[in-house]
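Notes to accompany the following structure.
The values are calculated or read from the model by the stated rules, or taken from the named source; none is laboratory data. All values derive from a computational prediction rather than experimental measurement. Because the Cβ atoms are built from the backbone with ideal geometry, glycine has one as well, and the counts that use them run over all protein chains shown.
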Amino acid sequence: MKFTKDTRALIYNFKANPVQRMLDFDYICKREKPSIAGLITPGSTGLHKAFFGGVEILLPIYPSIEEACKDQTDADVLINFASFRSAYDSSKKALEQDTINTVVIIAEGIPERMARELIDYSKKRNKMIIGPATVGGIQAGAFKIGNTAGTVDNIIACKLHRPGSVGFVSKSGGLSNEMYNMLAMTTDGLFEGIAVGGDAYPGSTLLEHALRFEQMPEVKMIVMLGELGGKDEYTIVEAKKQGKLKKPMVAWVTGTCAKVFPSDVQFGHAGAKSGAELETAEAKNKALAEAGIAVPNSFEDLDKKIAEVYQELVKDGTISPAKEVEPPMLPMDYKAAVSAGIVRKPSNFVCTISDDRGEEVTYGGVPISEIIENDSGIGDVISLLWFKKKIPRYGSKFIELVLIIAAEHGPCVSGAHNAIVASRAGKDLVSSVASGLLTIGPRFGGAIDDAARYFKDACDRGLSADEFVAEMKNKNKRIPGIGHRIKSAKNPDKRVELLKDYAKKNFPETKYLDFALSVEAETLKKANNLILNVDGCIGILFLDMMSSCECFSKKDTDEIVEIGYLNGLFVLARSIGLIGHVLDQKRLKAPLYRHPWDDVLFLNEE
Amino acid sequence: MARRKIREFNSKKLLAKYLEIVSNGKVKYNGKCAQISPNTDMEALLKENSWLAETSLVVKPDMLFGKRGANKLVLLDGTWNDAKAFIKEKMGQDIEIGKAKGAITHFIVEPFVKHTEEHYLSITPGRNEDTINFSPAGGVAIEENWDKVITFQVPTEAELSAKEIEEKLPGNIPAEQKIKTAEFIEAVYKVFKELDFTLLEFNPFTYDADGNPFPLDARGELDDTAAYKSEKKWGDIEFPRPFGRKLYPEEQFISDLDSKSGASLKLTILNPEGRIWTMVAGGGASVIYADTIVDLGMEAELANYGEYSGNPNTEETYLYAKTILDLATRNEDGKPRALIIGGGIANFTDVAKTFKGIIQALREYKDKMKKAGVRIYVRRGGPNYQKGLALMRALGEELGIPIEVYGPETHMTKIVPLAMEYVKGA
């Protein structure tokens, strides 16, 4: 098994970040093709967008390992990001595929017995597992597994974008960055580095990778970092003694401090447990040194030891130091640039009513928990989100009263009718409701704003009721908010009565209502049905609510009336009724409605 | 974690339940035993286990350590009253087993089984196979008689039948016993596999009045990573800490913090009087810092082993640093002390961010650190390390405390000799 500049991988249970990091590495290594052939997310299909340098590319997403392998026959590595619970099944499945030669298992915490079964199976299939519990590995300038080697800055600083001469293998993945950095400072850099993982039974061992390095002509020296616990390091000792490892080698086993610990301590890795004498770091370091491997006195001297061995190889001509290669400039991520304060960009949208970026959503600056704790109602929420104001409870209750009153007015009004017809045509809830809402306008439910506008204007100008009625007549305009098709002075609209009663009882003053009632007295002289209707009453009482509660400046009120906030109340309220109608029709399984011919007067020209 | 020792009581209860199941009732082991801890209500225990008053008993501490007979911690062939008196005497007693010191808190009580034969059985896992060792010469002298041990190596995906076992058992075992022993080993191995044991050892096991194999002693370890699939089978299992000294309150605090966090926070106090304190990012790096202090001959001054990793939040790093600073500044004896804030080159952890909580704690302990002669040595790399290191340098000036700061251009453990020099007073 050997990674090259053409190695391609499939990523199982992919995460966007490691994918992008691999592609970034590919780009600065000047790979021709990205190292990722496809992504696998069980049950999904589609495409994933990612950057390859400055341009965006699409990576196919497959629903299963089999399908990915069937399609991407040149991918022979599968990097498995599955959790410890599902890593076994997916890894086994990957090993079953003829196209896959190497499976990398990132998950930590796979039960020992399952790891052993995977190892057993991989040997039977003649394939390699890297991991579990590893970050993976990297071949400098060629192929990088997942999150190995950290950020692009670090990769370039550690000269990992071009091959050097050192093969490195360790248990720990956490220290690999440190070691790549050390190698970059003491040698011409890494050729390939593998972290086999900290479990008791890694899928491939320190020795297997050391032997791979032995076979690679590019690798001139081998560095190994082991740890206490287990006996894997002794297989290296044996191989060295048997002459299977001829290349110069530097090794260090960590965990020499274990002897000063009180009882048996489990260090970070599952396999790193102090136990029998043979498994101590000291014993292993001693055995490695005795086998002829360069072993420093402590980690502190590891860099010097590596430098010594390297310099020797340069001197005797085995190594001609790798040439430095200038990596292509990788465009900076916009997000990173912003957080570094390098770029700025005008925003396309402004929002002044809510903010969902923090721990809790705020409405008009008030966290929703505060709204709930204060026992506020939907009227307060509307006030915060529409007017960006906290208003007195009598005002928010008025809004709620409006919602209750305007929520529904039977199936025959145009909005309900449309919603019912659309629903019966088999349309979904949203479409049917929208069809009903679209009828709201100047003739249906839309008079609230207009009524508020005209009455406010007249009242503010100090007109008397008869002057206002006369003025409107002169302009040949109906007075919005006055008049009803069915209701009259003798048959008053109950809804209007309820609203008026509430305002009289709760509002500090009702100057607009008083004015409207005097106008009504005038219009009633002309016809019995020219009463203050429900739209007019809502609009006018809104004016009173705003002017009496001291939360709205004159400018606010003018703006509210001018923009037409108040029709919003009708839209909101009536949506409740429309939803009810649509659900009702669905429940009744009402069939398609077809209007009867006999209800249409056909006047066609012959 | 990984392999965790369990109490003899739990091993025996699991065997009692599952040996019969895996052998379809062929292997019989009743697993009669009771556990006694400081909270046990003896009367209630007796009510549930009436056999305690009806049979002769064995009592042993059940605290994950061996050599109990040699340490005179075993009661043999006693009555229930003898057992109670024995437990009363030993409960809470401080004892020393090898390097570990601690108090006895748990006992196992079982029926006393008269026996002459002491056989040995152990199962241990390996990379490619499980190893089963059986010996007809078990007991305290097992090591001396290791040449009598018969070994079965079972490859990972293979099975081992009672027939195969029986054929390899020594000829001097009576035929009837051979069959029962072979069936027993087969069943124990099945339980070992199915319940994710990583160790089972009976030294010794014998045969009860009906000739059924009967473990006198049992040691067990489970692979706790298998909990997600085996915890139902394990039932109400406990993974006790290894026998040894009690945790310091600070260690307990960090251990609690660790268990509540997604990150990893570890603290072991080695010598509270020590003058080199460590607070290192990363499991691998933290071991190397401790190694280097020991390797350079300063093990007597190494105060603690401390590790934080897995992206702890600011609150967690603050509490962690505070705990260590509090310990490090307790002795104002005029002698120099060093705090090592070390770490390798992080993959994706924002170094400046993780320093935030540490800096908050350092500010809080400014005066105490001065009085305790603390100097700080920092080394770290990774994303945003330049900013993190600059913050540390600025903090040194702000607090008037020497803080030496190094990045990836400097060898990871370079700050160890620097700290040592200062502590030595050179």
So if I check each of A:GLU400, A:GLU408, which one is in a loop (DSSP other than H, G, I, E, B), of a type in the set (Asp, Glu), under 20 Å from A:GLY539 (Cα atoms) and modelled with pLDDT of 95 or more?
A:GLU408
If a residue has to be more than 24 Å from the chain's Cα centre (by Cα), part of a loop (DSSP other than H, G, I, E, B) and not aromatic (Phe, Trp, Tyr) to count, how many in segment B:105-139 make the cut?
11
Check on A:ALA115, farther than 30 Å from B:PRO125 by Cα and hydrophobic (A, V, I, L, M, F, W, C):
no
When you look at A:ALA258, is it facing chain B (nearest Cβ under 9 Å) and part of a loop (DSSP other than H, G, I, E, B), yes or no?
no
Applying the selection to segment A:343-355, what residues are surrounded by 10 or more Cβ atoms within 10 Å (Cβ to Cβ) and either in a loop (DSSP other than H, G, I, E, B) or not small (Gly, Ala, Ser) (or both)?
A:VAL343, A:ILE353, A:ASP355
Tell me the helices (runs of 4 or more DSSP H) entirely within segment A:1-112 that contain at least 3 residues that are under 25 Å from A:GLU218 (Cβ atoms).
A:16-28
Restricting attention to segment B:9-21, does a residue exist that is surrounded by 16 or more Cβ atoms within 10 Å (Cβ to Cβ), touching a strand residue (DSSP E or B) at 6+ places or on another chain (Cβ under 6 Å) and not in a loop (DSSP other than H, G, I, E, B)?
yes
Surrounded by fewer than 20 Cβ atoms within 10 Å (Cβ to Cβ), at the interface with another protein chain (Cβ under 10 Å from one of its Cβ atoms) and out of contact with any Cys (no Cβ under 9 Å at 6 or more places or on another chain), is that true of B:LYS424?
no
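Any residue at all in segment A:129-143 that's part of a strand (DSSP E or B) and either over 23 Å from A:GLY38 (Cα atoms) or within 13 Å of another protein chain (Cβ to nearest Cβ) (or both)?
Yes, some residue in segment A:129-143 is part of a strand (DSSP E or B) and either over 23 Å from A:GLY38 (Cα atoms) or within 13 Å of another protein chain (Cβ to nearest Cβ) (or both).
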Residue that is surrounded by the fewest Cβ atoms within 10 Å (Cβ to Cβ) [pool: residues in segment B:285-301 that are closer than 16 Å to A:GLY226 by Cα and touching a strand residue (DSSP E or B) at 6+ places or on another chain (Cβ under 7 Å)]
B:ASP291
What is the residue count in segment A:274-310 for residues that are crowded, with 20+ Cβ neighbours inside 10 Å, of a type in the set (Asp, Glu) and either facing chain B (nearest Cβ under 10 Å) or in contact with a strand residue (DSSP E or B) (Cβ under 7 Å, 6 or more places away or on another chain) (or both)?
2
When every residue in segment A:47-56 that is without any contact (Cβ under 8 Å) to a residue 40 or more places away in the chain and under 20 Å from the mean Cα position of the chain (by Cα) is compared, the one farthest from A:ASP89 (Cα to Cα) is A:GLU56
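Residue by residue, here is whether (1) more than 10 Å from chain B (Cβ to nearest Cβ); (2) hydroxyl-bearing (Ser, Thr, Tyr); (3) farther than 14 Å from A:ILE293 by Cα holds:
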site: A:GLY197; (1), (2), (3): yes, no, yes
site: A:TYR201; (1), (2), (3): no, yes, yes
site: A:GLU208; (1), (2), (3): yes, no, yes
site: A:MET216; (1), (2), (3): yes, no, yes
site: A:LYS220; (1), (2), (3): yes, no, yes
site: A:LEU225; (1), (2), (3): no, no, no
site: A:ILE236; (1), (2), (3): yes, no, no
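Okay, residues lined up against (1) of a type in the set (Gly, Ala, Ser); (2) more than 18 Å from the chain's Cα centre (by Cα); (3) away from every other protein chain (no Cβ under 14 Å):
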{"residue": "B:PRO215", "(1), (2), (3)": "no, yes, yes"}
{"residue": "B:TRP234", "(1), (2), (3)": "no, yes, no"}
{"residue": "B:LEU247", "(1), (2), (3)": "no, no, no"}
{"residue": "B:ILE276", "(1), (2), (3)": "no, yes, no"}
Breaking point among (1) under 25 Å from B:ALA103 (Cβ atoms); (2) free of Cβ contacts under 8 Å to residues at least 24 places away in the same chain; (3) not hydrophobic (A, V, I, L, M, F, W, C), for B:GLU299
(1)
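Looking only at segment B:274-288, count every residue that is outside any helix (DSSP H, G or I) and of a type in the set (A, V, I, L, M) and tell me the total.
Looking only at segment B:274-288, we keep the residues that are outside any helix (DSSP H, G or I), and these are B:274-282.
With of a type in the set (A, V, I, L, M) added as a condition, the list becomes B:276, B:279-281.
Looking only at that region, the number is 4.
When residues of segment B:167-205 are filtered for being over 19 Å from B:GLY25 (Cα atoms) and either more than 14 Å from chain A (Cβ to nearest Cβ) or assigned to a helix (DSSP H, G or I) (or both), how many remain? Steps first, answer last, please.
The initial filter retains those residues of segment B:167-205 that are over 19 Å from B:GLY25 (Cα atoms), namely B:167-175, B:196-205.
Add one more test, that the residue is either more than 14 Å from chain A (Cβ to nearest Cβ) or assigned to a helix (DSSP H, G or I) (or both), and what stays is B:167-175, B:201-205.
Residues meeting the conditions: 14.
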At pLDDT 95 or above, crowded, with 16+ Cβ neighbours inside 10 Å and either of a type in the set (A, V, I, L, M) or touching a Pro at 6+ places or on another chain (Cβ under 6 Å) (or both) - does that describe any residue in segment B:66-74?
no
Out of (1) surrounded by fewer than 22 Cβ atoms within 10 Å (Cβ to Cβ); (2) at pLDDT 95 or above; (3) within 16 Å of A:MET546 (Cβ to Cβ), the odd one out for A:PRO392 is which?
(2)
Would you please name the residue that is farthest from the other protein chains (Cβ to nearest Cβ), looking only at residues in segment B:289-308 that are in contact with a Gly (Cβ under 8 Å, 6 or more places away or on another chain) and assigned to a helix (DSSP H, G or I)?
B:GLU301
Does at least one position in segment A:523-535 carry a residue that is in a helix (DSSP H, G or I), closer than 19 Å to A:SER396 by Cβ and touching a strand residue (DSSP E or B) at 6+ places or on another chain (Cβ under 9 Å)?
no
Among the residues of segment B:1-32, which ones are away from every other protein chain (no Cβ under 14 Å), within 24 Å of the chain's Cα centre (by Cα) and not aromatic (Phe, Trp, Tyr)?
B:ILE6, B:ARG7, B:GLU8, B:ASN10, B:SER11, B:LYS12, B:LYS13, B:LEU14, B:LEU15
Selected residue (only one of B:ASN311, B:ASN271 is at positive phi, within 14 Å of chain A (Cβ to nearest Cβ) and in a loop (DSSP other than H, G, I, E, B))
B:ASN311
Hey, any hits in segment A:98-113 for a residue that's crowded, with 16+ Cβ neighbours inside 10 Å, touching a His at 6+ places or on another chain (Cβ under 9 Å) and free of Cβ contacts under 8 Å to residues at least 24 places away in the same chain?
no
May I ask you to verify whether A:SER435 is of a type outside the set (Asp, Glu), at pLDDT 95 or above and over 30 Å from the mean Cα position of the chain (by Cα)?
yes
In segment B:331-372, which residue that is assigned to a helix (DSSP H, G or I) and within 14 Å of another protein chain (Cβ to nearest Cβ) is surrounded by the most Cβ atoms within 10 Å (Cβ to Cβ)?
B:VAL351
Does B:PRO408 count as of a type outside the set (Ser, Thr, Tyr) and in a loop (DSSP other than H, G, I, E, B)?
yes
In segment A:567-594, what residues are of a type in the set (D, E, K, R), more than 22 Å from A:GLY536 (Cβ to Cβ) and assigned to a helix (DSSP H, G or I)?
A:ASP584, A:LYS586, A:ARG587
